[in-house]
Amino acid sequence: MQIAMSSLKMGNLLRWHMQRRLLSAAEPPRQAARKEGQPGHESYGSVDYWREGRTAHVMLNRPDRLNAIDAQLPFQLQSAIQRANWDDEVTFSSPTDGGSVHAVLLYGAGKAFCAGYDLKTFAEERDDGIDSNTTEEEMPRYTNQEMPWDPSLDYQFMWSATQAYMEIWRSNKPVVAKIKRVAIGGGSDIALACDVTFIETTAKIGYPPSTIWGCPTSAFWYYRLGMEKAKRILFTGEILSGEKAARIGLIGEAVPPDQIDQTVDEFMERLGTVPKNQLWYHKTVTNQAVEAAGLLSAQRLSTIFDGMSRHSPEGVMFQKRCVDVGFKKTVKERDCGKETVWSHLPRQTTGGGTKKQ
């Protein structure tokens, strides 16, 4: 299969898309039309925003796909978090509807938080090339480039997506995650960027692509778990129950499914009683300590390795398997803990080397 554009033209197209996003994100958000009696309601496409009292609700809204990540969701999430940070008496709020936002509650529509990157789009579809007619919906295809692979293009998109998730980390207002059912792969990247996390005891969280075709670009695992626990989970792609995730320190608190809504609502009400500046002081100091320990450098390296993992011989075999038999069967093979077609691919060598003069 031939690539439809040169890497240079493809890079220019990608940069144009990213620049357009960044320019629009840099502008203060405009007043949104109110909807269904909810102050400041706005739909960004795959993400919804509204305010209830001093809590901003940011809801991932692709329930038919378990809120899996498509090409737009990271940047729509970024816009919603920015909106929450602007949502004050001097901009959008008024005393009659509860005043300004003190904290943000992040969760998924329906019964799940986020099932990770939508492999129906990112892994199962073939790469037919990118040209001047490529839409934003088709941009993920470049992550499965024909070889030879251009790592700079892969890095450009994945770094932009990771930085979109990191809007949660940079938010001046605390972001609280309410995790139901699943937070898998990229969904765990979003959840672990939050300041405070609640999870159902029966929910599942993990990064199973760590065994093939992925490396967690947000790099939060070590900072939340420590060296050995992070390695044990990422080496095996273990999917943790909410109960275990809280017990080992990956998540702040595990709550029975029938109690999580009330527990989180009570916590959000408590945050609403604390001055916004006090919340900002403590978040900023804590984040600074983590960044001083190397978080941002680790994220850059993880993002590079994430692209490498998708274009290694094994990664290419995984993606081909998704195309041939579908991503659902391929993921089951990946997560079964047994030998697969990509477990031990032989390496070919040319027998060459630098010739001595």
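No lab work stands behind these numbers, since they all come straight from the coordinates. Everything quoted here is computed from the prediction, not taken from an experiment. Virtual Cβ from ideal backbone geometry, glycine too; neighbours counted across all protein chains shown.
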Step through the residues of region 215-229 one at a time and calculate ³J(HN,Hα) from phi using the Karplus curve (6.51 cos²θ - 1.76 cosθ + 1.60, θ = phi - 60°), rounding each to whole Hz and writing x for Gly and Pro.
-> 8, x, 5, 7, 6, 7, 4, 4, 5, 8, 10, x, 4, 6, 4
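Using the structure shown, select from Lys111/Lys244; Lys178/Lys329; Lys111/Lys178; Lys229/Lys338; Lys244/Lys332; Lys173/Lys204 the pairs with a Cα to Cα distance greater than 18 angstrom. Could the numbers behind the result be given before it?
On the way: Lys111/Lys244 20 Å; Lys178/Lys329 29 Å; Lys111/Lys178 11 Å; Lys229/Lys338 22 Å; Lys244/Lys332 22 Å; Lys173/Lys204 27 Å.
Exceeds cut-off: Lys111/Lys244; Lys178/Lys329; Lys229/Lys338; Lys244/Lys332; Lys173/Lys204.
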³J(HN,Hα), Karplus 6.51/-1.76/1.60, whole Hz, each residue of region 317-329, x for Gly, Pro = 5, 4, 5, 4, 5, 4, 5, 6, 10, x, 5, 5, 5
Per 10 angstrom bin, beginning at 0 and ending with the bin that holds the maximum distance, the Cα pairs of region 265-318 fall in percents of 20, 24, 21, 20, 14, 1
Measure off 7 Å from each Cα along the Cα-to-Cβ vector at Gln262 and Lys338, then give the distance between these two points in nanometres to one decimal.
-> 4.4 nm
Give a residue-ordered list of calculated ³J(HN,Hα) values for region 274-288 (Karplus: 6.51 cos²θ - 1.76 cosθ + 1.60, θ = phi - 60°; whole Hz; x for Gly, Pro).
-> 9, x, 4, 5, 5, 4, 5, 3, 6, 5, 5, 5, 5, 4, 4
Rounded, prolate or oblate (a/c below 1.5 giving rounded, otherwise prolate when a/b exceeds b/c) for region 149-206 by Cα gyration tensor | oblate
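How many percent of the alpha carbon pairs in region 167-319 exceed a separation of 27 Å?
Values: 3085 of 11628 pairs.
So the pairs more than 27 Å apart make up 27 percent of the total in region 167-319.
Full extension from Trp280 to Arg347: what is 0.36 nm times the residue separation minus their Cα-Cα distance, to one decimal in nm?
18.9 nm
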Amide hydrogen neighbours beyond the local backbone of Gly108, cut-off 5 Å, H modeled = Leu60, Lys180
Work out how much length Glu52 to Ala289 would gain on full extension: take 0.36 nm times their residue separation and subtract the Cα-Cα distance, in nm to one decimal.
-> 82.1 nm
Which residues qualify? For Val47, with a placed amide H closer than 5 Å and at least 5 residues away or on another chain, they are Asn61
The long-range amide H neighbours of Gly326, using H built 1.01 Å from N in the peptide plane and a cut-off of under 5 Å, are none
